[in-house]
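The values are calculated or read from the model by the stated rules, or taken from the named source; none is laboratory data. Values in this document were obtained by computation on a predicted structure and should not be read as measured data. We place every Cβ from the backbone using ideal geometry, glycine too, and count neighbours over all the protein chains shown. The accessibility values were calculated without ligands, DNA or RNA, using every heavy atom of the protein model including side chains. Shrake-Rupley method; radii C 1.70, N 1.55, O 1.52, S 1.80 Å.
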Amino acid sequence: MLSLRFIVATLLYLLTATLCSAQRIITTFAGSDVTYPTGAFPANEASFGRLVGIAESPSGEIYFVSRTRSMILKFNRADGTVAIVAGIGIGGYSGDGEDAIRSQLNNPQGITFDRAGNLFIGDNSNGVIRKIDTRGRISTFAKFPDLRLRMGVGINTGIVIAGNIGSERRMDYTVIGNEVNVAQRFESNAGPGQMLITGSTYERVKEFVEVRELGLLRVAGKQDGVLAYDVLRWRGL
């Protein structure tokens, strides 16, 4: 169950970082339109961008996430300053095993602490959870499952019959012909994330792609097989 202290801290510091004084006047607690310098700096002289997470350390320090700048920052209650904990202000994925202040995060989201004082960060666009230990060293704690859709693609080039094909009870606009069968055979042989093309297709796109020749692929109706290429990358990308 959340403690009253945590709930109050969250309400006070979440996102807008404003403080309601005893006179019921809302004053800026942290944040401005001025870009912050490196190191510790006054909390009201910094531009944090979009804030998306906040957590209180076991020792009572307030940490928050700047999603815009891909940074984790810490508010010092004693002198009213803010210091960078992790991130260099440019999204990326680097720094494991080093001081977190020199690392790169990419679109960080939530943060939390364990009882020992280790900080855990949802490094969203990198698909990992990062950990900053009590010495300030960052590491990758866990990786999210790879849920990206990976499909094999087979491409052939040739003459086909296209049109409304079928009967009065069921008709579809489709393509038929030997070249379609070749493309289907190439698709069925392509692995996840792989694109296989025939020699006829390669002759038309060779200026734009880098490929690896795979030799002849046996295809029904083709006695000698069909020359296959594995597309490695697009030129210039």
Sort the range 135-194 into rounded, prolate or oblate with this rule: let a ≥ b ≥ c be the square roots of the eigenvalues of the Cα gyration tensor; rounded if a/c is under 1.5, and if a/c is not under 1.5, prolate when a/b is larger than b/c, oblate otherwise. prolate
Ordering 225-232, 188-195 by per-residue average of other C-beta atoms within 10 angstrom, highest first, gives 225-232, 188-195
Just the Cα atoms of the range 78-137, one point each, no solvent: what log10 I(q)/I(0) does Debye give at q = 0.18, 0.23 Å⁻¹? -0.61, -0.95
When only the heavy atoms of the protein chains count and the probe is 1.4 Å, how do I54, I197 rank by accessible area, highest first? I54, I197
In whole Å, what is the distance between the alpha-carbon centres of the range 51-69 and the range 137-170? 40 Å
Based on the Cα coordinates of the range 153-237, what is the per residue volume of their convex hull in Å³? 120 Å³
16 Å cut-off, amide nitrogen to a point 7 angstrom out along N178 Cα→Cβ, residues in the range 206-223: 217-223
Which order do S59, S70, S167 take when ranked by solvent-accessible area (1.4 Å probe, heavy atoms of all protein chains), largest first? S59, S167, S70
Arranged from highest to lowest average of other beta-carbon atoms within 10 Å per residue, in what order do the peptides 95-108, 77-90 appear? 95-108, 77-90
At a Förster distance of 41 Å, what's the computed FRET efficiency of S125 paired with L227, Cβ-Cβ distance as r, to 0.05? 0.55
Is the shape of the range 95-184 rounded, prolate or oblate, going by the alpha carbon gyration tensor and its root eigenvalues a ≥ b ≥ c, with a/c under 1.5 for rounded and a/b larger than b/c for prolate? prolate
Can you figure out the FRET efficiency of Y93 with L216, using R₀ = 30 Å and their beta-carbon distance, to the nearest 0.05? 0.15
